[in-house]
Amino acid sequence: MQVKNNTSIEMSKTKKWFWIGLKTLITLLCFYFLYDQFQNRSISFEELEIPKYLVPVLLFQILLMILNWYSEIFRWKISVEVTEEISFKQASIDVLGGLTMNWILPFTAGDFVARVISKKDRLGTTSAILLNRTIMLLMTLILGVYGTSVFLKDQFNWSYLLGSLVLVLLVAAASYRAIPKKFTSYFGELENRTLGKILFISIGRYLVFFLQFIILLKFFNPDLTIPILSAGIGWIFFVRTSIPSLLGGLGLRESSALIFFQGLVENLGSIVCPVFILWILNTAIPSIIGAMLLWKLKAHNS
């Protein structure tokens, strides 16, 4: 029995280092790709014209960032309270602390650990995570498949968006039927009104994040149309969700954006700049706040 346990531990360590190595490799490749674009002068910040009213736009983006993460914390609080009480403070630690831990652990495992570790009903909490992730994943797939279709065909067509919606609805139906029985107790206690709130907040949060992206990209690239920008955002979301990386996706987001928008703009710096700004606002700053919350929690429990 001891030998078996030791073997399991060694396999777990091997998988952990494999994913860390894979994320490191992908991140380094992305940074190399960006460096190569700088060398080829495809990206030039020296020639980039800073749009007027940048400060008001950034202040508005900060307000949207706060709304974005407030919505996620509130959504998580509602989701957990299906099975147990949770304070807004604890929900904030769960969400922002999980964002911090995601910088190290693979495939958003940090988010999972941070949300589950302090709960009494861990099965119910896991079910809540499953619900929240599935909703966001389906919305990402709708926009992502649409963006990928536009990228591959190099043109916009409303049929791509309709086809994406139908495909994702079929995936959602299949996923619902495949839910393991051990999670059905949570969904049995989940009232329709509560589910409606979770869906409403999820859609609202996604629209806020989408609006942030649209505003910044349009601000730096006024000649690009909203349908093309929407497709590009869908492509970036899809790549970021599908491919593991370090540093909260830094490098991967910018690289995927360059791949999509190359040929559509003269200076790709107008693409890298807004994507990087959004990474700072929606990932770096909340991650720093999450690290502070985790540190204070650890200091309090010591």
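Counting the residues of region 202-218 that are closer than 16 Å to I66 by Cβ and β-branched (V, I, T) gives 2. Any residue that is over 23 Å from D94 (Cβ atoms) and without any contact (Cβ under 8 Å) to a residue 60 or more places away in the chain - is there at least one of those in region 284-293? Within region 284-293 (the criterion being over 23 Å from D94 (Cβ atoms) and without any contact (Cβ under 8 Å) to a residue 60 or more places away in the chain), the answer is no, since none of the residues qualifies. Among residues of region 37-87 being among the hydroxyl-bearing types (S, T, Y) and under 30 Å from D121 (Cβ atoms), the one that is farthest from the chain's Cα centre (by Cα) is T83.
Within region 234-249, being in a loop (DSSP other than H, G, I, E, B) and at pLDDT 75 or above holds for one residue alone: I243. Once region 84-106 is narrowed to residues that are among the hydroxyl-bearing types (S, T, Y) and buried (at least 20 other Cβ atoms within 10 Å of the Cβ), the residue that is modelled with the highest pLDDT is S92.
This table checks each residue for (1) assigned to a loop (DSSP other than H, G, I, E, B); (2) under 20 Å from the mean Cα position of the chain (by Cα); (3) within 16 Å of S71 (Cβ to Cβ).
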{"residue": "K89", "(1), (2), (3)": "no, no, no"}
{"residue": "V95", "(1), (2), (3)": "no, yes, yes"}
{"residue": "L99", "(1), (2), (3)": "no, yes, yes"}
{"residue": "G110", "(1), (2), (3)": "no, yes, no"}
{"residue": "A114", "(1), (2), (3)": "no, yes, no"}
{"residue": "T126", "(1), (2), (3)": "no, yes, no"}
{"residue": "L130", "(1), (2), (3)": "no, yes, no"}
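I'd like to know if region 239-262 contains one or more residues that are over 22 Å from L138 (Cβ atoms) and over 21 Å from the mean Cα position of the chain (by Cα). Among the residues of region 239-262, at least one is over 22 Å from L138 (Cβ atoms) and over 21 Å from the mean Cα position of the chain (by Cα), which makes the answer yes.
The residue list K119, K52, K77 contains one member that is in a loop (DSSP other than H, G, I, E, B), without any contact (Cβ under 8 Å) to a residue 60 or more places away in the chain, surrounded by 18 or more Cβ atoms within 10 Å (Cβ to Cβ) and of a type in the set (K, R), which is K119. Can you find a residue that is surrounded by fewer than 15 Cβ atoms within 10 Å (Cβ to Cβ), modelled with pLDDT of 75 or more and of a type in the set (S, T, N, Q) anywhere in region 2-21? Taking every residue of region 2-21 in turn, none turns out to be surrounded by fewer than 15 Cβ atoms within 10 Å (Cβ to Cβ), modelled with pLDDT of 75 or more and of a type in the set (S, T, N, Q).
The values are calculated or read from the model by the stated rules, or taken from the named source; none is laboratory data. Being a predicted model, the structure only gives us computed values, none of them experimental. Heads up, the Cβs are rebuilt from the backbone with ideal geometry, glycines too, and the neighbour counts pull from every protein chain shown.
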